[in-house]
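Have a look at the structure below before the remarks.
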Amino acid sequence: MALTREQIASIAALARLDLSSTEIPVYQNSLSNILDFIGALDAVDTANVVPMAHPLPGLSQRLRPDVVTETDHHELYQENATQVTAGLYLVPKVIE
Amino acid sequence: MSDLSRSTLTELAAGLRARRFSSVELVRACLERIDASQGTLNAFISVTRESALREAQAADAALAAGSGGPLTGVPIAHKDLFCTQGVRTSCGSRMLDNFVSPYDATVVARLKAAGAVMLGKTNMDEFAMGSSNETSYYGPVRNPWNTSLVPGGSSGGSAAAVAARLVPAATATDTGGSIRQPAALCGITGVKPTYGRVSRYGMVAFASSLDQGGVLAATAADAALMLREMAGFDPNDSTSVDVPVPDYVAALEQPLAGLKVGLLKEFFDKGLDRQNEQRVREALRVYESLGAVLSEVSLPHLPLSVPVYYVVAPAECSSNLARFDGVRFGHRCQNPRDLQDLYRRSRGEGFGAEVKRRIMTGTYVLSAGYYDAYYLKAQRARQLINADFIRAFQSVDVLIGPTTPTPAFAIGAKTADPVTMYLNDIYTIGANLAGLPAVSVPCGFVDELPVGLQIVGPHFSEARVLAAAHAFQRATDWHARVPRGYA
């Protein structure tokens, strides 16, 4: 299945990835090949097969009691942010 | 001090306990080997020299006081996707080049509690996406057996470090073969435990239904010693399983006689290199001579593993990597025009080519109109593969076959075509899709390059799989071979 330049641009926009004009044809080619490759699954009869939701049969994800277990570490965590002011993460203006 | 290149982790731990040498001496010797090899192998992203020597001094004090744990003073390295408090955790990516973890992963904390000394963080494919360690932002790792070849991936740095005996063992992770494939290509032992056996807390997520932490070491006995400390229930990981951890070391000596070994018919396919196949068949004869009973087993849906994986893994990756937004941590672009520009350029600059490819593949298969055709279809096919394994384990105890189709390949040989690279994991992905434990052990050489033998068992059968690997290593000496220049 061949993807168009426009499709690649649209996937990149959904994934919030800025691609250069030279990257687009590269991904056009490789993503098309990957989709052809995974297209092998079309031939498999999966009617009446339940999709596998968890690698361990019969187990599902555990829930924990709804109680606060974390303490406040925001100063430590914000040391990894590029722009922080007064304990707040700074981003470009969103609302005019 | 005993010769580092000839000593296993088990022997080094015993030597430390007997005070035949000190942890400081051992750590210094390893650091020297790391320094001498770094320009050639590039196995490390960060070397934590000062903290390692501090920890070694503390270990020596504990050993002198008789209060050491099972790994006290033993040097190890962590794959650079395990979070380490106060130490950069880069995941092999420009995105996290500036990220200093504020906490320890559970695996890191447990090994620390057992007394292990961390010497540094090992190189890896970016966000563990790769089979050759060529996608790292920090440059490729080279195979110690032949430095023009790849070490395998994604845990290539950990594998090269252990193969060159820079450290006796290292942590690693396996999403589609990232422990077993580099173990095979570097001639060492790798164990990928059952899904949920080892906590994923603090292990940077790639594909959450497949990722599992494990060990790379010279021998199965060393891997058992490490895994015994790493495994176990962790309330901080909601997929961690509350099943008691057996003593993997004590279980190593269980006899092989009567072990029912299944030869996986689909593993001996046309893609398997003939000489690789010969080494694997010779290994099977060793098992027979030890009393194992061999029979052929077919898993008809197993050839679907790679296509299923390249839907499920990218889908989970695109979702997991959405957290890298350029705001809270990680790379941030210069002078963003608006919030969308901040997201798009931070991610476009921070991620490498293969990571972007997988994010886009995942985004596509999960997008409106394609979810049923790709993602749901793949999860149904995954169920068929899983059912094949469950059926096989009704008649055999373990499945044995090759770990990889070929020995190590040249750097650059498979980078042009992603699908060719993906097919490298054709024999390893099945265990991830079904959440099964598996081990790779060295079983011979082809043209002076190591070949890996893979042993897969039912859920939570790590003890049996490791014992089967250990019995093979008692009967052979492939695991004791060390590459020229590192012996």
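Which one is nearest to B:Pro458 (Cα to Cα) among residues in the stretch A:80-96 that are within 8 Å of another protein chain (Cβ to nearest Cβ) and exposed (fewer than 11 other Cβ atoms within 10 Å of the Cβ)? Full working, then the answer.
Taking the stretch A:80-96 and keeping what is within 8 Å of another protein chain (Cβ to nearest Cβ), we get A:80-83, A:89, A:91-94.
Next, from what is left, pick out any that are exposed (fewer than 11 other Cβ atoms within 10 Å of the Cβ): A:93-94.
Working: A:Lys93: 54, A:Val94: 52 Å.
Filtering first and then ranking leaves A:Val94.
Have a look at B:Pro244, B:Pro235 and point out the one that is closer than 30 Å to A:Ala53 by Cβ, surrounded by fewer than 15 Cβ atoms within 10 Å (Cβ to Cβ) and away from every other protein chain (no Cβ under 14 Å).
Details: B:Pro235 fails: away from every other protein chain (no Cβ under 14 Å).
Result: B:Pro244 is the single residue among B:Pro244, B:Pro235 that is closer than 30 Å to A:Ala53 by Cβ, surrounded by fewer than 15 Cβ atoms within 10 Å (Cβ to Cβ) and away from every other protein chain (no Cβ under 14 Å).
Against the numbered list (1) surrounded by fewer than 19 Cβ atoms within 10 Å (Cβ to Cβ); (2) within 30 Å of B:Arg142 (Cβ to Cβ); (3) within 14 Å of chain A (Cβ to nearest Cβ), B:Glu448 comes up short only at (3).
Name the one entry in A:Leu56, A:Leu17 that is under 30 Å from B:Gly435 (Cβ atoms) and in a loop (DSSP other than H, G, I, E, B). After applying the criteria, what remains is A:Leu56.
Condition first: assigned to a loop (DSSP other than H, G, I, E, B), charged (D, E, K, R) and touching a His at 6+ places or on another chain (Cβ under 9 Å). Can you find one or more residues in the stretch B:93-101 that meet it?
So the first thing to find is which residues in the stretch B:93-101 are assigned to a loop (DSSP other than H, G, I, E, B), and the list is B:93, B:97-99, B:101.
Then keep just the ones that are charged (D, E, K, R); that gives B:97.
Next, from what is left, pick out any that are touching a His at 6+ places or on another chain (Cβ under 9 Å): B:97.
Yes; the residues of the stretch B:93-101 include at least one that is assigned to a loop (DSSP other than H, G, I, E, B), charged (D, E, K, R) and touching a His at 6+ places or on another chain (Cβ under 9 Å).
Of all the numbered requirements in (1) facing chain A (nearest Cβ under 8 Å); (2) of a type in the set (Ser, Thr, Tyr); (3) surrounded by fewer than 21 Cβ atoms within 10 Å (Cβ to Cβ), B:Ser318 misses one, and that requirement is (3).
Which one is surrounded by the fewest Cβ atoms within 10 Å (Cβ to Cβ) among residues in the stretch A:34-53 that are more than 7 Å from every other protein chain (Cβ to nearest Cβ) and either within 30 Å of B:Asp234 (Cβ to Cβ) or among the acidic types (Asp, Glu) (or both)? Only one residue fits best here, namely A:Asp45. Within the stretch B:1-26, how many residues turn out to be assigned to a helix (DSSP H, G or I), over 23 Å from the mean Cα position of the chain (by Cα) and of a type in the set (A, V, I, L, M, F, W, C)? Result for the stretch B:1-26: 4. Of the listed requirements (1) surrounded by 14 or more Cβ atoms within 10 Å (Cβ to Cβ); (2) assigned to a loop (DSSP other than H, G, I, E, B), A:Ile24 misses just one: (2).
Listed residues B:Arg19, B:Arg33, B:Arg88; which is in contact (Cβ under 8 Å) with a residue 40 or more places away in the chain and exposed (fewer than 14 other Cβ atoms within 10 Å of the Cβ)?
On the way: B:Arg33 fails: exposed (fewer than 14 other Cβ atoms within 10 Å of the Cβ); B:Arg88 fails: exposed (fewer than 14 other Cβ atoms within 10 Å of the Cβ).
So the residue among B:Arg19, B:Arg33, B:Arg88 that is in contact (Cβ under 8 Å) with a residue 40 or more places away in the chain and exposed (fewer than 14 other Cβ atoms within 10 Å of the Cβ) is B:Arg19.
Of the set (1) over 20 Å from B:Asn98 (Cβ atoms); (2) in contact with a Leu (Cβ under 6 Å, 6 or more places away or on another chain), all apply to B:Arg347 but (1). The numbered conditions (1) touching a strand residue (DSSP E or B) at 6+ places or on another chain (Cβ under 8 Å); (2) under 29 Å from B:Thr476 (Cα atoms) are all true for B:Ile411 except (2). For the structure I just gave you, tell me whether B:Thr420 is within 9 Å of another protein chain (Cβ to nearest Cβ) and either hydroxyl-bearing (Ser, Thr, Tyr) or under 21 Å from the mean Cα position of the chain (by Cα) (or both). Criteria not met by B:Thr420. All of B:Leu284, B:Leu256, B:Leu294, B:Leu263 fail the test of being more than 14 Å from every other protein chain (Cβ to nearest Cβ), part of a loop (DSSP other than H, G, I, E, B) and more than 21 Å from the chain's Cα centre (by Cα), apart from B:Leu256. Of all the criteria given as (1) more than 30 Å from B:Asn98 (Cα to Cα); (2) touching a Gly at 6+ places or on another chain (Cβ under 8 Å); (3) of a type outside the set (Gly, Ala, Ser), the one not satisfied by A:Asp18 is (1).
Bear in mind that the values in this text are calculations on the coordinates, not laboratory data. This structure is a prediction, so every number in the text was calculated from the model and none was measured. Note: ideal-geometry Cβ built from the backbone for every residue, glycine included; neighbour counts use all protein chains shown.
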